[in-house]
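The values are calculated or read from the model by the stated rules, or taken from the named source; none is laboratory data. Computed from a predicted model, the values in this text were never measured in an experiment. Using ideal geometry, Cβ is built from the backbone for each residue, glycine included, and neighbour counts are taken over all protein chains shown. Note: accessible area is taken over every heavy atom of the protein model, side chains too, but ligands, DNA and RNA are not part of it. Shrake-Rupley method; radii C 1.70, N 1.55, O 1.52, S 1.80 Å.
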Amino acid sequence: MDSDFSYPKPTSLLVNLMKNVDGLVFMDFFAGSGTLGHAVMEMNKLDGMDRKFILVTNNESNICEDVTYERLLRCNLPEHGNYQQGLEYLQ
């Protein structure tokens, strides 16, 4: 049985799981593409709640800077969602 995924977690699935949940901090220890962060931003924009997220990665192949952080930065741009949420990169 092949257990590899050829695509990241679908943002729509995570958004659906977060409906009506507020005041939590969501954490992803394998944050490769930043899908969880994207979903939290989307839900906050849709319902005005104030969910937070923490994404953790070992930055193998510079994935954190080149993929995860870049994706979430772009989510705040008008042409990519305009979520306008704070974002901090810690090492």
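For a quick protection proxy, order the peptides 34-43, 50-59 by their average other-Cβ count within 10 Å, most packed first.
34-43, 50-59
Give me the number: length gained by fully extending residue 82 to residue 58, i.e. 0.36 nm times residue separation minus the C-alpha to C-alpha distance, one decimal in nm.
5.9 nm
Please find the FRET efficiency linking residue 90 to residue 13, where r is the Cβ-Cβ separation and R0 is fixed at 25 Å, and quote it to the nearest 0.05.
Taking R0 as 25 Å, the efficiency between residue 90 and residue 13 is 0.40.
Leaving out ligands, DNA and RNA, what percent of the accessible area of the chain is carbon and sulfur, probe 1.4 Å?
Within the chain, the accessible surface is 55 percent carbon and sulfur.
Using a 1.4 Å probe, what is the accessible area per residue for the chain, in Å²?
Ligands and nucleic acids excluded, the result is 70 Å² per residue.
Return the equivalent ellipsoid semi-axes of the range 20-61 as a descending list in whole Å, where each equals the square root of 5 times an eigenvalue of the C-alpha gyration tensor.
Taking √(5λ) for each Cα gyration eigenvalue gives 22, 10, 6 Å.
What are the principal axis extents of the Cα atoms in the chain, in Å, biggest first?
Principal axes ranked by extent give 38, 31, 25 Å for the Cα atoms.
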